[in-house]
Amino acid sequence: MAYVLVINSGSSSVKFQIVDPNAHASDDPFVSGLVEQIGEPQGRVTVKHAGQKFVVQREIPTHTVGLQESFRLLDAKGIGPTQLDIIAVGHRVVHGGMVFSAPELILDPVVEMIRSLIPLAPLHNPANIDGIEVARALLPTIPHVAVFDTGFFRDLPPAAALYAINADVAERNLVRRYGFHGTSHEFVSSQVPDLIGRDPLHTRQIVLHLGNGASASAVENGHPIDTSMGLTPLAGLVMGTRSGDIDPGIIFHLYRQGGMSIDEIDNLLNRQSGVKGLSGVNDFRELRTLIDNEDENAWLAYNVYINQLRRYIGSYMIALGRVDAITFTAGVGENDKHVRMDALDNMHMYGIEIDPEKNNLPNDGPRIISTDDSKVKVLVVPTNEELAIAQKSAKVAASLA
Ligand code: AMP
C-alpha cells in the first residue's frame with residue numbers, strides 16, 4: 001500500500017499523519033502523531049496506530065529531535081516512514097502569498113520563496129520551513145510537496161481581494177485578502193456538485209468551515225469569488241478564540257486609551273476573544289452545556305457567533321446571485337445541529353429549508369440535510385485537510401514518474 005506522510009509543523013509542535021491517499025474523509029489515518037512542547041524542559045511524542053497509542057516523554061530541544069523520536073517509535077512497531085512505501089511527504093504551509101496557488105514540489109528555491117513570505121506569516125511560515133528542512137534531511141529520497149493554505153484563494157477577484165486603504169501603502173506591505181483554510185474549502189466544495197447532481201461548472205455554493213478557526217467562502221463554478229479571512233486568519237467569522245471582524249479603530253482605542261501594547265492586543269484578539277472571550281469557553285460542546293444551564297454569557301456568545309455567520313451567508317448569497325448549495329464542515333459545522341439550524345433559520349423565503357430529522361442524524365460521511373423542496377441544498381461534508389494534502393502531494397509525486 002502506498003502512503004503519504006503529511007506534516008503540519010508549528011512553532012512548538014509538529015502534527016503528522018501517514019495517510020492512504022485513497023482513503024475516505026471519515027477514515028482514521030494509518031498513523032497519526034503529535035510532537036508537543038518542543039524547546040521546553042519536558043516534551044512529548046504521541047503516536048496513534050490501529051486503535052493503539054504510544055507516548056514518549058522526554059526533552060525535545062528541536063523539531064529534528066521530535067521527528068527523529070517519532071520515527072524511532074514507528075520503526076519499533078514496523079511502521080516507520082522508511083519501512084513503508086511512502087510516495088510523497090506533503091507539508092502544510094500557511095502562507096503562499098501571491099506566489100503559490102497550486103501544490104509545489106519542494107526544491108531549494110521553493111524553500112527560499114516560502115522564507116521570503118515570512119513577513120506575511122511571521123509565526124507560521126518559519127515553523128513550516130523548520131518542518132520542511134527537518135523532513136527533507138530525514139527522508140531525502142522522497143519527493144516533498146508544499147500545499148498552501150492560501151492557495152485556493154490566490155486568484156480572488158480584485159473587488160473582493162483589495163482593502164480600501166492607500167494603494168501604495170498596501171502594495172508596499174503586501175496588504176490584501178489572501179484567505180486561509182483553502183485546502184478545506186477546495187476539498188469540500190469540489191465534492192458538492194456530485195452530491196447534489198449538478199455540473200461543477202454550473203454550481204454556485206457557500207462553504208462554511210466552522211471549527212475552532214472558522215471561515216466562509218463563496219465559490220462559483222469551482223472558483224472562489226470571496227472568503228472571510230483576510231491578510232491574516234483573524235478576520236471574518238467569530239471563532240473559538242479569535243474575534244473575527246471588528247472595527248479596526250478598536251485597536252487604536254485599546255492602545256491609546258486602554259494602555260495595552262501591540263503584543264497584548266494581538267494576544268487578546270487571537271487567543272482571548274471570539275466565543276471564549278464572551279463566554280469563557282471555546283469548545284462548542286462546553287458552550288452548549290452552559291447554554292442548557294441558562295448561562296447568560298454563553299447564550300450571548302452563541303448569538304453573536306450566529307449573527308456574524310448569518311451576515312456572511314447573506315452577503316455571499318447576494319455576491320453569488322443564485323445559490324445551489326450551502327455546506328457545513330469542520331468540528332462545529334459537522335457536529336453541531338443547533339448551529340446549522342440557527343445559521344439558516346427563517347430563510348425559506350430564499351429557498352433554504354433544513355429538514356430537522358436529517359439535521360439531527362449523527363455525522364457519518366457527506367449528506368444532504370435540506371428538505372426535498374428546498375431550492376438551495378444544505379449539506380454536511382466532513383473535511384479532512386491531511387487527506388486533501390496527501391491527495392495533492394501524491395498527484396505531484398505521480399507527475400514526476
Ligand atoms: P476543528 O478545528 O475543525 O478541529 O474543530 C474543533 C471544534 O469543533 C471544537 O473546539 C468544538 O468546538 C467543535 N466540536 C467538536 N466536536 C463537537 C460536537 N460533537 N459538538 C459540537 N461541537 C463540536
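The values are calculated or read from the model by the stated rules, or taken from the named source; none is laboratory data. Source: prediction; values computed, not measured. A quick note on method: Cβ atoms are made from the backbone with ideal geometry, for glycine too, and the neighbour counts reach across all protein chains shown. We work out accessible area using only protein heavy atoms, side chains counted, and drop any ligands, DNA or RNA first. Shrake-Rupley method; radii C 1.70, N 1.55, O 1.52, S 1.80 Å.
Just a few scattered comments:
- Verdict on Ala397 being within 16 Å of the ligand (Cβ to nearest atom) and in contact (Cβ under 8 Å) with a residue 12 or more places away in the chain: no
- With respect to the stated conditions, Ile318 fails to be under 20 Å from the mean Cα position of the chain (by Cα) and among the aliphatic types (A, V, I, L, M).
- Matching residues, region 367-394, being open to solvent by 60 Å² or more (accessible area, probe 1.4 Å) and either within 16 Å of the ligand (Cβ to nearest atom) or of a type in the set (Lys, Arg) (or both): Lys375
- Checked against (1) outside any helix (DSSP H, G or I); (2) open to solvent by 30 Å² or more (accessible area, probe 1.4 Å); (3) out of contact with any Lys or Arg (no Cβ under 7 Å at 6 or more places or on another chain), Glu171 meets all criteria but (1).
- Listed by position, the helices (runs of 4 or more DSSP H) enclosed by region 251-342 that each have at least 2 residues that are away from the ligand (no atom under 14 Å from the Cβ) and surrounded by fewer than 17 Cβ atoms within 10 Å (Cβ to Cβ) are 262-271, 296-320.
- Residue check for Lys358: surrounded by fewer than 22 Cβ atoms within 10 Å (Cβ to Cβ), farther than 26 Å from Tyr302 by Cα and away from the ligand (no atom under 16 Å from the Cβ): no
- The one condition in (1) free of Cβ contacts under 8 Å to residues at least 12 places away in the same chain; (2) within 16 Å of the ligand (Cβ to nearest atom) that Gly182 fails to fulfil: (1)
- Meets criteria (open to solvent by less than 20 Å² (accessible area, probe 1.4 Å), under 26 Å from the mean Cα position of the chain (by Cα), closer than 23 Å to Phe152 by Cβ and not polar (S, T, N, Q)) for Val35: no
- Within the option set Asp155, Asp194, being open to solvent by 10 Å² or more (accessible area, probe 1.4 Å) and not in a loop (DSSP other than H, G, I, E, B) holds for one residue only, Asp194.
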